[in-house]
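Q: After the structure tokens below, expect a handful of questions from me.
Read-outs throughout are calculated quantities, based only on the coordinates presented, and are distinct from any laboratory measurement. These figures come from a predicted structure and were not determined experimentally. A quick note on method: Cβ atoms are made from the backbone with ideal geometry, for glycine too, and the neighbour counts reach across all protein chains shown.
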Amino acid sequence: MASKSLSEISLDGLWKNNPALVQLLGLCPLLATSASVVNALGLGLATLSVLVGSNFAVSLIRNHVPDAVRLPAFVMIIASVVTVVELLMQAFTYELYEILGIFIPLIVTNCIILGRADAFACKNGIIPSMVDGATMGLGFTCVLLLLGAIREILGQGVIFSDMQLLFGPAAASWKIVLFHDYPNFLFAILPPGGFMALGTLIAIKNIIDERRKEAAKAKAVPVEVTTESRRARVTGKIS
Amino acid sequence: MALLTLTSPHAHGRNSTSRVMMTVTLATVPGLLVTTALFGFGTLVNVVLAVVVAMLAEALVLRIRQRPLGFFLKDYSALLTGVLLGLALPPLAPWWVTVVATAFAIVFGKQLYGGMGNNPFNPAMLGYALVLVSFPVQMTTNWAVSSQMADQPLAGLLDAITTIFSGSGADAFTGATPLDTYKHLISNSTAVELQKLPTFNGWMAGGWEWVNIAYLVGGLFLVYRRIITWHIPVAMLAALSLCSIVLGWDPDMYTPVSLHLFTGATMLGAFFIATDPVSAATTPRGKLIYGAGVGILVYVIRTWGAYPDAVAFGVLLMNLAAPFIDAYTQPRTYGHEKARRGLTSKEAR
């Protein structure tokens, strides 16, 4: 377990064991807040920072907390980190905090965070734990962003709307209207559309994995070229 | 000399999937003709568009799934899905509503579940529900008004095509359905007052009753040809009538039973949509329960729901229950003392 290299940990979080696409953890906030890019990015960044913070703290105390009470200790740590993030968001991105509403405090109950604390951070050193938290969070954020982009385009025909909520007033002009007179496709914004988009993303990931596996297999087994059995036909006579 | 050994049954019907699908499609023709005669060409254009999109979507997915194209296209199931959707959608809905509904029905409703015979939901109704939830405005205001309403012109073929594809001039030919109108107006007027409105035109609903009677005729033809059995339509219509007579006896407060039976998609739903052999219950008693469930849900959603019509939602909800109903209504097998029912027996799976 401890022998995993940092790049392996990163690959795990970003692709092979992606929390949203493979572990299917934290689906509730994933589907509830991925109706637009700015919501997705907001929740993704919040989850990412909580993951890094909680993994760091859990890894710090891993040798001092008895196994029997480790879960309550983890929950305390996670709750404190979430509170910090919540207060930060209230201070700097108040409008986005209002929009995301209950889903910011609900990060406490996100299975990814307790899952990583229990499965990784309490068994590994500080640096690997933080890398694990960062890449898991990044994997989650990427999927959230992709979902947010798909649902925003399908649902409203625009992308990057309301980015000023996160990046200040200068970002208000980032909004790109892809289709004019687009009739809002409500289904993509409603939860079932989120489920369907996530299902499609998972299917695409599985296809890519399958293709790569097949390509690796084809590469691993060299094509045997047996020169003896090859016959060059010189005349009409086959000997 | 080895003789070819044939086992029983020696006499069998000629019903193949494509034959069944073609018969059902043909049975919708009276309804389509009456709709076109009374409401203009919108439905006809919709049907053609939906069929083209359905065939293209089916061919595309079959190609991606590497299945034989000709074999599956020739079972005409995609054609039927397209026809049913074209008939169910508002006649003058914009073209993209039809395209989205049909493509979703075939790709997500049917092929992603494994294609013909594997879909848990009625594909046409899944497509319908998708656009109804997504585009409520287009789905409730683009119904053509009938020729029996004297003050408005009928949409000709050219009008229908321009309205559907460019969206212009839609207001001249469109309005809400009688069901929708009755539900919204009855709260502050009486039944006698409403019947004087051009939408209702006397005892019925300006033209809708003839459309429903035409579907009823087509449906009875299907029962006569034994493509469908009587259980689901009878149970559904009986449950709907019973509900509206018992619960909605007062026409000054609720939609009367005549409107429930002969407007909206009632007959189309009862004979053509609820009876889908793939997604409906299959045992005789199960069909009765399933049909009654659809009827009750249609009444409940029409009366207390936010949407004007409810056949799509009623059918989809009962589709969910169909495997369960089937598991608990297995008939006794000949030679066995008791029927094996429930989800634990092997037959149920």
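Q: Modelled label-to-label distance, A:Ala119 and A:Trp174, 7 Å Cα→beta-carbon offset: nm?
A: 3.1 nm
Q: Sticking with this structure for a sec: Nearest 0.05, what FRET efficiency do B:Trp304 and B:Val52 give at R0 = 35 Å with Cβ-Cβ as r?
A: Calculated transfer efficiency: 0.40.
Q: What average count of beta carbons from other chains do you get within 10 Å of the Cβ of residues in A:30-36?
A: 0
Q: With the Cα gyration tensor of region B:234-349 giving a ≥ b ≥ c as the square roots of its eigenvalues, does the rule (a/c under 1.5 for rounded; else a/b larger than b/c for prolate; else oblate) give rounded, prolate or oblate?
A: Prolate shape, in that a/c is at least 1.5 and a/b is the bigger ratio.
Q: Under 5 Å between amide H atoms, partner at least 5 residues away or on a different chain: which partners does A:Val158 have, H built in plane at 1.01 Å?
A: A:Leu178
Q: Mind giving me the FRET efficiency for A:Cys28 and A:Asn184? R0 is 25 Å, r the Cβ-Cβ distance, nearest 0.05 is fine.
A: The pair A:Cys28/A:Asn184 has a calculated efficiency of 0.55.
Q: How charged is the neighbourhood of A:Lys217? Take every other residue with its Cβ under 14 Å from the Cβ of A:Lys217, and add Lys/Arg as +1 and Asp/Glu as -1.
A: For residues surrounding A:Lys217, the net value is +1.
Q: Would you mind checking A:Lys205/B:Lys110; A:Lys219/B:Lys110; A:Lys123/A:Lys205; B:Lys110/B:Lys338 for any pair whose Cα atoms are more than 32 angstrom apart?
A: Cα-Cα > 32 Å for A:Lys219/B:Lys110; B:Lys110/B:Lys338; rest within.
Q: On a 0 to 90 degree scale, rounded to 10, what angle separates helix A:70-92 from the longest Cα axis of chain A?
A: The answer is roughly 70 degrees.
Q: For region A:174-216, what D do you get in µm² per second when you plug the Kirkwood radius from alpha-carbon pairs into Stokes-Einstein at 25 °C and 0.890 mPa s?
A: Value of D from the Cα-based Kirkwood radius: 189 µm²/s.
Q: Compute, for region A:6-212, the length of the dipole vector about the Cα centre, with Cβ point charges of +1 (Lys, Arg) and -1 (Asp, Glu) only. Units Debye, rounded to 20.
A: Roughly 360 debye for region A:6-212.
Q: Quick check for me: using +1 on Lys/Arg Cβ and -1 on Asp/Glu Cβ, what's the dipole size of the protein assembly as shown about its Cα centre, in debye to the nearest 20?
A: Charge dipole, the protein assembly as shown, about its Cα centre: 2780 debye, nearest 20.
Q: Using 0.36 nm per residue, how much length does the chain from A:Val69 to A:Leu87 gain when fully extended, once their Cα-Cα distance is taken away?
A: Gain in length upon complete extension: 3.7 nm.
Q: If you fit an axis through the alpha-carbon atoms of helix A:126-156 and take the longest principal axis of the Cα set of chain A, what angle between them do you get, 0 to 90°, nearest 10?
A: For helix A:126-156, the angle is close to 90 degrees.
Q: So how far apart, in nm, are the two label points at A:Leu60 and A:Asp209 if each is 7 Å from Cα heading toward Cβ?
A: So the two model labels end up 3.5 nm from each other.
Q: Using only the alpha carbons, work out the radius of gyration and Dmax of region B:1-97 in angstrom.
A: Values for region B:1-97 (Cα only, Rg and Dmax): 18.3, 67 Å.
Q: Would you mind giving the three semi-axes, in whole Å and largest first, of the ellipsoid equivalent to region B:16-175 according to its Cα gyration tensor?
A: Over the Cα atoms of region B:16-175, the ellipsoid semi-axes are 29, 16, 12 Å.
Q: Taking every pair of distinct Cα atoms and averaging 1/r, then inverting, what Kirkwood hydrodynamic radius in Å comes out for the protein assembly as shown?
A: One decimal place: 28.1 Å for the Kirkwood radius.
Q: For chain B, take the longest principal axis of its alpha carbons; what is the angle in degrees between that and the long axis of helix B:157-166, to the nearest 10 within 0 to 90?
A: Rounded to the nearest ten degrees, it is 90.
Q: Can I ask one more? Please report the orientation-averaged projected area of chain B, defined via the convex hull of its C-alpha atoms, in nm².
A: 21.4 nm²
Q: Same structure again: Can you compute the modelled spin-label distance between B:Leu320 and B:Val29, with each label point 7 Å from Cα toward Cβ, in nm?
A: Spacing of the two 7 Å Cα→Cβ label points: 3.9 nm.
Q: Show the residues, 5+ positions off or on another chain, whose built amide H is closer than 5 Å to the amide H of B:Trp143.
A: Answer set, sorted by chain and number: B:Gly175.
Q: Same structure again: For chain A, what class follows from the C-alpha gyration tensor (a ≥ b ≥ c being the square roots of its eigenvalues): rounded when a/c is under 1.5, otherwise prolate if a/b is larger than b/c, else oblate?
A: oblate
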